1. Would you point out which residue out of Lys7, Lys46 is within 26 Å of Thr114 (Cβ to Cβ), basic (Lys, Arg) and without any contact (Cβ under 8 Å) to a residue 60 or more places away in the chain?
2. With respect to Gln3, determine if the residue is within 30 Å of Ser125 (Cβ to Cβ) and outside any helix (DSSP H, G or I).
3. Take region 15-33 and flag every residue that is surrounded by fewer than 13 Cβ atoms within 10 Å (Cβ to Cβ) and either within 13 Å of the chain's Cα centre (by Cα) or outside the structural domain of Phe56 (by TED's automatic domain parsing) (or both).
4. Can you tell me how many residues within region 4-30 are more than 12 Å from Met48 (Cα to Cα) and hydroxyl-bearing (Ser, Thr, Tyr)?
5. Would you list the helices (runs of 4 or more DSSP H) that sit entirely within region 66-154 and hold 2 or more residues that are exposed (fewer than 14 other Cβ atoms within 10 Å of the Cβ), at pLDDT 95 or above and not charged (D, E, K, R)?
6. So the check is Cβ under 6 Å with 6+ separation or different chains; which pairs have a first residue in region 16-43 that's over 11 Å from Leu67 (Cα atoms) and a second one that's loosely packed, with under 14 Cβ neighbours inside 10 Å?
7. Going by the structure shown, is Tyr43 of a type in the set (Ser, Thr, Tyr) and within 21 Å of Gly17 (Cβ to Cβ)?
Amino acid sequence: MEQDYSKVDAILASYRGKKGILIPMLQEVQNEMGYLSRDCMKYVAKAMQIPAAEIFGVATFYSMFRLKQQGKHIVRVCKGTACHVSDADGIKSALVEALKLPKDENTTEDMMFTLMEVACLGCCSLAPVIMIDDMTFGKLVPEAIPAILDKFRF
């Protein structure tokens, strides 16, 4: 099935002929498409006459760019120092188990959840902490994870 890039074309048109546009342009494309697929990056490269290697290089270098489709709910597990010493690894293991994530995958098969590790959520007094979308859950124990996730399943 051929991808519809008409909305991407509108974004690209607003950047055509300008200098220093690659990062903001890719951010806008990602916001529209949800992530930057290989095909989309190739399309942008061709349409903007930018080497594909340059686009892939930027998209893979900066952590703000997503190269895979993400789930409906983003689960962030804090790996900062306070969380680390408060069993962030146990919390992450409980998340992986409860979400039934296959090895080396971070998004559930039903596209409901994507699990991400983050350096710090800034809630050290609540360690260990996870954030699901914009809701923070702190002072966690691994056993609490299934019930928290159940609040987001619908």
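The values are calculated or read from the model by the stated rules, or taken from the named source; none is laboratory data. Note that the structure is predicted; figures quoted are calculated from it, not measured. For neighbour counting, all protein chains shown are included, and Cβ atoms are generated from backbone atoms with ideal geometry for every residue, glycine included.
1. Sole residue among the options that is within 26 Å of Thr114 (Cβ to Cβ), basic (Lys, Arg) and without any contact (Cβ under 8 Å) to a residue 60 or more places away in the chain: Lys7.
2. no
3. Listed by number, the list holds a single entry, Asn31.
4. The total comes to 2.
5. Counting at least 2 such residues, we get 81-85, 145-150.
6. Qualifying pairs under 6 Å: Glu32/Lys7.
7. It is true that Tyr43 is of a type in the set (Ser, Thr, Tyr) and within 21 Å of Gly17 (Cβ to Cβ).
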